[in-house]
1. Based on what the data block shows, is THR55 modelled with pLDDT of 85 or more, polar (S, T, N, Q) and open to solvent by less than 50 Å² (accessible area, probe 1.4 Å)?
2. Looking at the range 166-181, is at least one residue more than 28 Å from GLY59 (Cβ to Cβ) and buried (at least 18 other Cβ atoms within 10 Å of the Cβ)?
3. Taking only the range 58-76 into account, find how many residues are within 19 Å of the chain's Cα centre (by Cα) and crowded, with 16+ Cβ neighbours inside 10 Å.
4. Mind checking which residues of the range 134-146 are in contact (Cβ under 8 Å) with a residue 40 or more places away in the chain, open to solvent by 20 Å² or more (accessible area, probe 1.4 Å) and under 44 Å from the mean Cα position of the chain (by Cα)?
5. Need pairs with beta-carbon distance below 6 Å; first residue of a type in the set (D, E, K, R) and within the range 184-199, second in a helix (DSSP H, G or I); sequence gap 6+ or separate chains.
6. Looking only at the range 1-38, how many residues end up being within 30 Å of ASN68 (Cβ to Cβ), open to solvent by 100 Å² or more (accessible area, probe 1.4 Å) and touching a residue at least 60 places away in the same chain (Cβ under 8 Å)?
7. Is it true that some residue in the range 48-55 is part of a helix (DSSP H, G or I) and charged (D, E, K, R)?
8. Starting from the range 77-104, take each residue that is surrounded by 11 or more Cβ atoms within 10 Å (Cβ to Cβ) and list its partners that are at pLDDT 90 or above and part of a loop (DSSP other than H, G, I, E, B), counting only C-beta distances under 6 angstrom and pairs at least six apart or across chains.
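The values are calculated or read from the model by the stated rules, or taken from the named source; none is laboratory data. Computed from a prediction, not measured in an experiment: that's the story for all the values here. No Cβ is skipped: glycine too gets one built from the backbone with ideal geometry, and neighbour counts run over all protein chains shown. For accessibility, only protein heavy atoms count, side chains too; no ligands or nucleic acids. Shrake-Rupley method; radii C 1.70, N 1.55, O 1.52, S 1.80 Å.
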Amino acid sequence: KPFLKSVQQIVDKIGSNFEEAKDYSRVFKKVKPIFDYINTFDFELYKQTAHDLSTVKSGIRKTREMENMLTHKMRITNRIGMMVVESRELKNTLMPRITSIMDDMKQLLKQMANEQCLKITKIFQHEFSKLEVRPHHLDKFADAVRSHNESTANLNENAQQSTAVDEMIRLLHQLEVKIDSRMMVEVDQMHDAQQVHGREMEELKLFIEEQL
């Protein structure tokens, strides 16, 4: 009887551990969306739809949450009584792929910031080149008024674009993405062009008012 009792206790303990292991296995339901994500994610297709900052930020936030789940919340091993639940192989399979997706998104963000920076700088430079004139002949004066009106109409949109560039640069710093000196010089040039643009708009406005 003592032997049979011991055997039964062992059987009960194994059964209890098995049930606990089954309960613990439910945590891997949170890993299933990550598995599905990395197996269906197509970066080339994603680039075709990621035309604005909000889309890229959303993608980065989603990928970071998955990366954080794998890095900080997913145990490599978990001992449950006599049983050990091992997830090292699963983590080692998923982690490099989610990291690769994150790296691709970081580079896309960097590319977007660079392209938008150059684009808005050219817009500012083009506009303030037309705002620099101080004509006295009637036909040229009308052109100056038109240029000022056009720049005024574009002011909010242009400011939003330059602000978006600054936001992308801040996000890149937060993500610890290396930004080369050339790109930072281009960002400074954007700010300089924006300041000159604003100054020329104000001065041309005063000139127009004086002539009327």
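1. Against the criterion (modelled with pLDDT of 85 or more, polar (S, T, N, Q) and open to solvent by less than 50 Å² (accessible area, probe 1.4 Å)), THR55 qualifies.
2. no
3. The number of residues fulfilling the criteria is 6.
4. ARG134, VAL145
5. Close Cβ pairs satisfying both conditions: GLU186/CYS117.
6. Going through the range 1-38 one residue at a time, the tally reaches 0.
7. There is no residue in the range 48-55 that is part of a helix (DSSP H, G or I) and charged (D, E, K, R).
8. From the range 77-104, the pairs are ILE101/PHE41.
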